[in-house]
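Structure, as structure tokens:
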Amino acid sequence: QVHLVESGGGSVQAGDSLRLSCAVSGDAFNVQAVAWFRQGPGKEREYVARITWIGFNTYYANSVKGRFTISRDNAKNTVYLQMNSLKPKDTAVYYCEAVRREWGTPKDYWGQGAQVTVSS
């Protein structure tokens, strides 16, 4: 079992910044990547950013490139999503996801979600 605990959400004004945190605990052996997704009101859940567990390779959705940064702190076993220049369209519930291989097949683990509200 992989446990994910999110924090750092809140309400901000357009142009402001927030940093989301995802604390990873439990059996993280064979975790392949940790990612952030978001789901806006009445919208499907969409991919935001991903970082590989080994190698720290990062990937971003086009909608957040240049504004968001995903990173990992090994000492704290925490993945962050630094969100700068926030826009109202970024308003969503943000979810942390870990992908772990179990008996050769990938399995997803999810955090509880963190609300981010950006007002204009």
**Message:** Of the conditions (1) touching a residue at least 60 places away in the same chain (Cβ under 8 Å); (2) under 18 Å from GLY15 (Cα atoms); (3) surrounded by 20 or more Cβ atoms within 10 Å (Cβ to Cβ), THR117 satisfies every one except a single condition; which number is it?
**Reply:** (3)
**Fill in**
CYS96 passes all but one of the listed conditions (1) in a strand (DSSP E or B); (2) in contact with a helix residue (DSSP H, G or I) (Cβ under 9 Å, 6 or more places away or on another chain); the exception is number (2)
**Message:** Quick check on region 18-32: of everything there that is open to solvent by 50 Å² or more (accessible area, probe 1.4 Å) and among the polar types (S, T, N, Q), which residue is nearest to GLY113 (Cα to Cα)?
**Reply:** SER25
**Request:** Pick out the one residue from ALA35, ALA92, ALA61, ALA49 that is closer than 15 Å to ASP108 by Cα, under 14 Å from the mean Cα position of the chain (by Cα), at pLDDT 95 or above and open to solvent by less than 60 Å² (accessible area, probe 1.4 Å).
**Result:** ALA35
**Message:** Looking at the structure I just gave you, is GLY111 surrounded by 15 or more Cβ atoms within 10 Å (Cβ to Cβ) and small (Gly, Ala, Ser)?
**Reply:** yes
**Request:** Would you tally the residues in region 64-89 being loosely packed, with under 15 Cβ neighbours inside 10 Å and of a type in the set (Ser, Thr, Tyr)?
**Result:** 2
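The values are calculated or read from the model by the stated rules, or taken from the named source; none is laboratory data. In this text the structure is predicted, and so the values were computed from the model without any measurement. Methodologically, a virtual Cβ is constructed for each residue, glycine included, from the backbone with ideal geometry; neighbour enumeration extends over all protein chains shown. Areas reflect the complete protein model, heavy atoms only, side chains present, ligands, DNA and RNA absent. Shrake-Rupley method; radii C 1.70, N 1.55, O 1.52, S 1.80 Å.
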